[in-house]
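To start, the structure under review is shown below, and the notes come after it.
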Amino acid sequence: MNDLSRLPSVSRFLEDAAIKPLLEQHGKKPITELLRRTLADTREAVRSGASLPSDEQLLAQLVQAAEAM
């Protein structure tokens with residue numbers, strides 16, 4: 001079983017330099033909500049048997065979702 005506690009927190013992601021352009025473009029509230037959804041979806045996928053993604057993979061998912069906003 002994968003250790004969901006290894007998923008980074010929302011606040012840790014918000015401090016990541018890769019997120020700063022998204023915050024500037026979309027604002028903190030929408031990006032925070034998007035982060036929470038991304039992490040919730042990831043938890044559900046891992047509980048269903050998916051592998052725990054890397055931080056880089058999660059960031060890529062977030063950037064892709066933000067670009068679709």
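Looking only at the range 31-60, how many residues end up being buried (at least 17 other Cβ atoms within 10 Å of the Cβ) and touching a Pro at 6+ places or on another chain (Cβ under 9 Å)?
Residues in the range 31-60 being buried (at least 17 other Cβ atoms within 10 Å of the Cβ) and touching a Pro at 6+ places or on another chain (Cβ under 9 Å): 4 in total.
May I ask you to list the residues in the range 15-69 that are among the hydrophobic types (A, V, I, L, M, F, W, C), within 16 Å of Ser5 (Cα to Cα), within 14 Å of the chain's Cα centre (by Cα) and not in a helix (DSSP H, G or I)?
Once the filter is applied, which keeps residues that are among the hydrophobic types (A, V, I, L, M, F, W, C), within 16 Å of Ser5 (Cα to Cα), within 14 Å of the chain's Cα centre (by Cα) and not in a helix (DSSP H, G or I), the range 15-69 yields only Leu52.
Could you check the range 1-30 and list, in sequence order, the residues that are touching a residue at least 24 places away in the same chain (Cβ under 8 Å), open to solvent by less than 40 Å² (accessible area, probe 1.4 Å) and either touching a Phe, Trp or Tyr at 6+ places or on another chain (Cβ under 9 Å) or among the small types (Gly, Ala, Ser) (or both)?
Hit for the range 1-30 is Ile19, nothing else.
The values are calculated or read from the model by the stated rules, or taken from the named source; none is laboratory data. Quick caveat: nothing in here was measured; it's all calculated off a predicted structure. Quick reminder, even Gly has a Cβ in these numbers, built from the backbone with ideal geometry, and neighbours come from all protein chains shown. Quick note on the areas: whole protein, heavy atoms, side chains included, nothing else; ligands and nucleic acids left out. Shrake-Rupley method; radii C 1.70, N 1.55, O 1.52, S 1.80 Å.
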